[in-house]
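Inspection log for the structure reproduced underneath, given as C-alpha cells.
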Amino acid sequence: MVQRLTLRRRLSYNTKSNKRRVVRTPGGRLVYLYVKKQRTLPKCGQCKEKLSGIKPSRPSERPRMSRRLKTVTRTFGGVLCHRCLRQRIIRAFLIDEQKVVKLLRAQQQKGAPRSKPAKAKASKAKTAKPKVDKPKPKPKTTTTKPAAKKTATKAK
C-alpha cells in the first residue's frame, strides 16, 4: 500500500512558491522536499541578453553574496553587456568628433586665420634644434656630529 504524505508547511495550495517533490529518506519514509525557485541572471538594459560573468541568484541571496559575484569590474558592469557598452562608447566618441568637425568647418567658412600651419612651423623649428636635458647636480648634505659627544669630551 502507498504511504501517505503530509505537508511540512501550512500552505497547501500548489503555487509557484510552494513546489514540492517526493523524496525517500534513509529510513525508508516518503516525505515532501520543498523546491526553491530557479535562480536567474540579470539581463542587459538594452538588448535584454543574459549578462555573463555574474552568478545566478535569487534576490534574497544577493545581499549575502560578495561584490565580485554580483558585478563585472568595468564601466556599466552588471548593467550592460559588453556589446552594448562598446556601441555606446563608439557612439559617444563619434558624436564628439562630429562636433569638432562642425566647428572646424564653421571656422573655414568664416575665413578665420589659420592657426594650424603656424603651430606646424613652430613644431618644425623645435625639431630642428633638439634640447638636451642635463642632469641636475645633487645638493650636498653636510654631516654634523652630535653636540652631546663634544660636551662629554670637554668634561673629561
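Just so you know, all these numbers are worked out from the coordinates, no wet-lab data involved. These numbers come from a predicted model, not from an experiment. With ideal geometry, Cβ positions are generated from the backbone for all residues, glycine too; neighbour counts draw on all protein chains shown.
Structure notes:
- Ranking Pro56, Thr75, Gln107 by how far each Cα lies toward the positive end of the dipole of the stretch 41-110 (charges on Cβ) leaves Pro56 at the top.
- Estimated dipole of the stretch 41-110 in Debye, rounded to 20 [Cβ of Lys and Arg +1, of Asp and Glu -1, Cα centre]: 200
- Net charge dipole, the stretch 1-59: roughly 160 debye, given to the nearest 20, about the Cα centre with Cβ charges of +1 for Lys and Arg and -1 for Asp and Glu.
- Debye log10 I(q)/I(0) at q = 0.15, 0.18, 0.27 Å⁻¹ for the stretch 41-110, Cα point scatterers: -0.60, -0.73, -1.14
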